[in-house]
Amino acid sequence: MFGILKRQKPEPALQEIYLSEEALAPDAPHYTVMMGIVDYTNAVMHSALYKVGEFPEEAYCLYNADYYMGEVLQNGHSRYLMNDRNSGADESSLHYALRAMEMIGCAELQQILQELADWVAANPEEAAQQNGVTHWAEALELLDERFYALNEEDFYHAVRRWAEDNVGVLFLPAAAVRDALTVLPDLNPRFANRQRTNSIAALDAGLTTDTVSYFRACMAGMVRGEQFFEVRAVSGGKPSPFFDHSAPGADYTRGDRQLWRLVANADGDLSGQYAGDSVDMFVRDPSNGELGQIAECDIAVAQRHRELAGRYKPGRFAWSLLKAATPDDPPAFLSFLMPADTPDELPEHYAFYGVTAQSGVQYKMLLDGEEAALFLWPDGELFSKISGSEYRGLLKEDLSRLI
C-alpha cells in the first residue's frame, strides 16, 4: 500500500545569503548584520526580481522582523498594522516576523507577536481600522508597553548569532558581496518577463488605482508650453486644511482626507486632494504660504478616466511601442490626454494617453480598439504602431502567467 503522498516544497533557486565580513568586526554597530540581510533581500527581490520562495526564506522572515521592530519602535503596534496593511505586499509581514523571532530565539518578542496575531484574527474589523492616531486599541497599547520594556539591541544581537551559526550565510569581502548581488538578475530566468510585467503594472496603476491617478485625471488634456502637464508622483500626505479634523470620529489618516504634495513637470510647490465630489490642485504662494487653486475636476469624471484606463490597458501598449522603437528608453510615466470635460464626445473605442519615456521625451498614444499608435509630441509624427492580431493579443494577454 502506498502511504499518503506529500507535495515536497521545492528548493529555492538561491541557496545562500551573502553578507559582508565587515559586519563581524568588533567595532561594528549592533545592527550591521541585520542591515546586511535587509540589503541582500532588497537586492534579491527588487533588483533581481526573485519572489518569496526562490531565495532563502530566513532572509525574508528577518527582513519582515526588522520592519516590525522599526515600525513599532517609532509608532506602536496600531500604526504598524495600518502601514503593514497599506504596504502593497501579497501577505502580511506579521507572520513572517513571528517565524523570525522563533528562528533566532527571541522568546519575548515572539510571544508579543503571537498575541498580536491572535488579536488580529479575533478582531478583524477593529484591526482594519487601526491607524495609531484616531483608532488605537487598548489591547495594542498593552503590547506596546511590553515591547518598550525590552532592549531592542537584544534582537539585533540574536540576528548576528543566528547568522554566524548558519551555514547558509556566507560572510565575504564587501567587494565579493557586491559582485555576487550584481549578477543575480542574469541568473534569474524570469527576470525579463517580470521586469516587463512589473513595469506595465506600475504604469497602469498610475492611471487606475494609485493616488496619483486622481491628479493625472484632473490635469487631463492640460499642456504647458511644448509639453503636456505631467504629474509624476505624490508624496508626503498631511491632514488637509480643508477638512474638519475636530469632528467626532474624524479619520484624517484616510487618503481622501490628505493634502498630497505633487511632483510634476512644472514649477512651484504643488499639492492636491481628492475628497467629496471633487479633485482639487493647488500651488503654494511662497510669500505667505497660502494655497491657490489651479485646477478642479469632478471626482466622477476622474473616476471615469480611471475606469477607462482599466479597460484600455495602456501600460502594455506603451511598453511594447517604445520597446520596438527605442529599446533603451522605456516608458516612465503615463498621463491622460483626453480633456476632462469631453470624453463623452469621443468615440467609445478611442482613448488618448501621454507617454513620457525615461529620457524625458514625450509622445501621444492613441488606442482605438484595433490598433495602438504612438506619435511624437507635439508635432504629431507617427513613431510606432501595433495593429491587428498583435494588438488583440496584447489586450488579452494575462501578464500574471509570465511571472
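Read-outs: derived from the displayed coordinates by stated rules, not from any lab. On a predicted model such as this, the values are computed, not experimentally measured, just so you know. Heads up, the Cβs are rebuilt from the backbone with ideal geometry, glycines too, and the neighbour counts pull from every protein chain shown.
Restricting Ala176, Ala121 to those that are of a type in the set (A, V, I, L, M), surrounded by fewer than 19 Cβ atoms within 10 Å (Cβ to Cβ) and either out of contact with any Ser or Thr (no Cβ under 9 Å at 6 or more places or on another chain) or within 19 Å of Asn86 (Cβ to Cβ) (or both) reduces the list to Ala121. Checked against (1) surrounded by 12 or more Cβ atoms within 10 Å (Cβ to Cβ); (2) closer than 26 Å to Ala100 by Cβ; (3) among the small types (Gly, Ala, Ser), Ala192 passes all but a single condition, namely (2).
Could you tell me which of the residues Val223, Val212, Val231 is more than 23 Å from the chain's Cα centre (by Cα) and either of a type in the set (Val, Ile, Thr) or farther than 21 Å from Val263 by Cα (or both)?
Answer to the check: Val223.
Residue-level check: of (1) surrounded by fewer than 20 Cβ atoms within 10 Å (Cβ to Cβ); (2) of a type outside the set (S, T, N, Q); (3) under 23 Å from the mean Cα position of the chain (by Cα), Lys313 misses just (1). Restricting the search to region 110-159, which residues are small (Gly, Ala, Ser), part of a loop (DSSP other than H, G, I, E, B) and within 30 Å of Leu24 (Cβ to Cβ)? Within region 110-159, Ala149 is the sole residue that qualifies.
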